[in-house]
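Q: Quick one: the structure is below, questions incoming.
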Ligand SMILES: [Zn+2]
């Protein structure tokens, strides 16, 4: 039996949990449409392939926006517009619910967390009205900016819950900034009832995942693919339903796996770990959720029911109240039957 086509996957109702707003890239694209941006200056850009691990991600991001983005672009109107466009694009590939993460320092310092998130909230309401797509926001804490800034971000996230903030995410340099530095910050978030997701098991091994769970109370893991190295950890993730947010193109581009065929996705699925598929940085990587699902379907010869299971896992792990989750699950099932 062959795997489903890209078109069939595009028609399916979907849920995505790991998607960065990519503020600077989207602002750049917005400015380019108005012919209002300096061209990228290739001689200023180092080749990302010459770097490895997290440094490669940093270089990739830099390469795509060299030529600078002026501070004027960080207006509330533009933030609302780029969020609206992201949700419009998500809805056009039939996402029913998406969690959008945001953590760029410039936006937060130039506009302030409140104005930034209020602008995003306006886009969220408009998109829900116009396209019927629901969404939540995740505030990303960047490890290398230290524990103090992390605490500040968490306090802002808690204060801005009415804007649709559902969780905090710990991201950044996993190898050099261990989870213990952020126990206090993430403890505050947990006490306030926010969801916790941690980028872990991406650039560092299983111990980084264990500590993310035990010291930070992670409900979900960004990537987490190196869990495959530790059978005890796999059993733990399965038993406690700690969901992995796997982003196949991102994993490949950052050199975590040599080819998609060598990606541990199938092993993780076989071990009963709840896994989801996500696009991570779709503009940077030139992808979207439908393409990512199709890529894994093609590589691992997944059938439609296995794709549906991945989407069902995403609905189950979404940071939403139980009644919303039930509606989401029902929507996936009936939408699938119709697609
Ligand atoms: Zn990410």
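The values are calculated or read from the model by the stated rules, or taken from the named source; none is laboratory data. Note that the structure is predicted; figures quoted are calculated from it, not measured. Heads up, the Cβs are rebuilt from the backbone with ideal geometry, glycines too, and the neighbour counts pull from every protein chain shown.
Q: Can you give me the ranges of the helices (runs of 4 or more DSSP H) entirely in the stretch 273-325 with at least 1 residues that are closer than 12 Å to residue 4 by Cβ?
A: 289-300, 304-317
Q: Still on this model: Going through 200, 218, 189 one at a time, which residue ends up being buried (at least 20 other Cβ atoms within 10 Å of the Cβ) and closer than 19 Å to residue 255 by Cα?
A: Within the list 200, 218, 189, the selection yields 200.
Q: Then there's this: Can you say whether residue 241 is modelled with pLDDT of 95 or more and not in a helix (DSSP H, G or I), as far as the supplied structure shows?
A: yes
Q: Filter the stretch 235-277 for residues that are within 15 Å of the chain's Cα centre (by Cα) and under 16 Å from residue 299 (Cβ atoms) and give the result.
A: Correct list: 246, 247, 248, 249, 250, 251, 275, 277.
Q: Please verify whether residue 198 is in contact with a helix residue (DSSP H, G or I) (Cβ under 7 Å, 6 or more places away or on another chain) and more than 30 Å from residue 72 (Cα to Cα), treating the condition exactly as stated.
A: Yes: the conditions hold for residue 198.
Q: Specify which of the listed residues (101, 33, 96, 29) is closer than 17 Å to residue 288 by Cα and at pLDDT below 90.
A: Exactly one of 101, 33, 96, 29 is closer than 17 Å to residue 288 by Cα and at pLDDT below 90, namely 29.
Q: On to the next question. Inside the stretch 243-274, can you point out the residues that are in contact with a helix residue (DSSP H, G or I) (Cβ under 7 Å, 6 or more places away or on another chain), surrounded by 15 or more Cβ atoms within 10 Å (Cβ to Cβ) and over 19 Å from residue 203 (Cα atoms)?
A: If the condition is that a residue be in contact with a helix residue (DSSP H, G or I) (Cβ under 7 Å, 6 or more places away or on another chain), surrounded by 15 or more Cβ atoms within 10 Å (Cβ to Cβ) and over 19 Å from residue 203 (Cα atoms), then 266, 271, 273, 274 are the ones that fit.
Q: Out of the residues in the stretch 231-242 that are free of Cβ contacts under 8 Å to residues at least 60 places away in the same chain and in contact with a helix residue (DSSP H, G or I) (Cβ under 9 Å, 6 or more places away or on another chain), state the one that is farthest from the ligand (Cβ to nearest atom).
A: Only one residue fits best here, namely 232.
Q: Ok, one more. Return yes when residue 289 is under 30 Å from residue 23 (Cα atoms), in contact with a strand residue (DSSP E or B) (Cβ under 6 Å, 6 or more places away or on another chain) and in contact (Cβ under 8 Å) with a residue 12 or more places away in the chain and no when it is not.
A: In short, yes.
Q: Continuing with the same structure: Consider residue 284 carefully, then state whether it is modelled with pLDDT under 95, within 15 Å of the ligand (Cβ to nearest atom) and in contact with a helix residue (DSSP H, G or I) (Cβ under 9 Å, 6 or more places away or on another chain).
A: Yes; evaluated as a whole, the condition is true for this residue.
Q: Please name all residue pairs, on different chains or six or more residues apart, with Cβ atoms under 7 Å, provided the first residue is in the stretch 214-230 and is at positive phi and the second residue is assigned to a loop (DSSP other than H, G, I, E, B) and within 16 Å of the ligand (Cβ to nearest atom).
A: Listed pairs, sorted by first residue: 223/201; 223/202; 223/247; 224/201.
Q: Looking for whichever is buried (at least 17 other Cβ atoms within 10 Å of the Cβ), closer than 20 Å to residue 335 by Cβ and over 18 Å from the mean Cα position of the chain (by Cα) here; the options are 297, 318, 314. Which one fits?
A: 297
Q: OK, next. Restricting attention to the stretch 115-155, which residues are touching a strand residue (DSSP E or B) at 6+ places or on another chain (Cβ under 7 Å), part of a helix (DSSP H, G or I) and closer than 15 Å to residue 103 by Cβ?
A: Within the stretch 115-155, 117, 120, 143, 150, 153, 154 meet the criteria.
Q: Name every residue in the stretch 182-210 that is more than 16 Å from the ligand (Cβ to nearest atom) and modelled with pLDDT under 95, in order of residue number.
A: Matches in the stretch 182-210: 205, 206, 207.
Q: Here is a follow-up. Could you check how many residues of the stretch 154-170 are within 14 Å of residue 116 (Cβ to Cβ) and within 16 Å of the ligand (Cβ to nearest atom)?
A: 0
Q: Hey, another quick one. Restricting attention to the stretch 247-276, which residues are closer than 19 Å to residue 22 by Cβ and away from the ligand (no atom under 13 Å from the Cβ)?
A: 252
Q: Being within 16 Å of the ligand (Cβ to nearest atom), buried (at least 23 other Cβ atoms within 10 Å of the Cβ) and under 24 Å from residue 83 (Cα atoms): is that true of residue 138 here?
A: For residue 138, the condition - within 16 Å of the ligand (Cβ to nearest atom), buried (at least 23 other Cβ atoms within 10 Å of the Cβ) and under 24 Å from residue 83 (Cα atoms) - is met.
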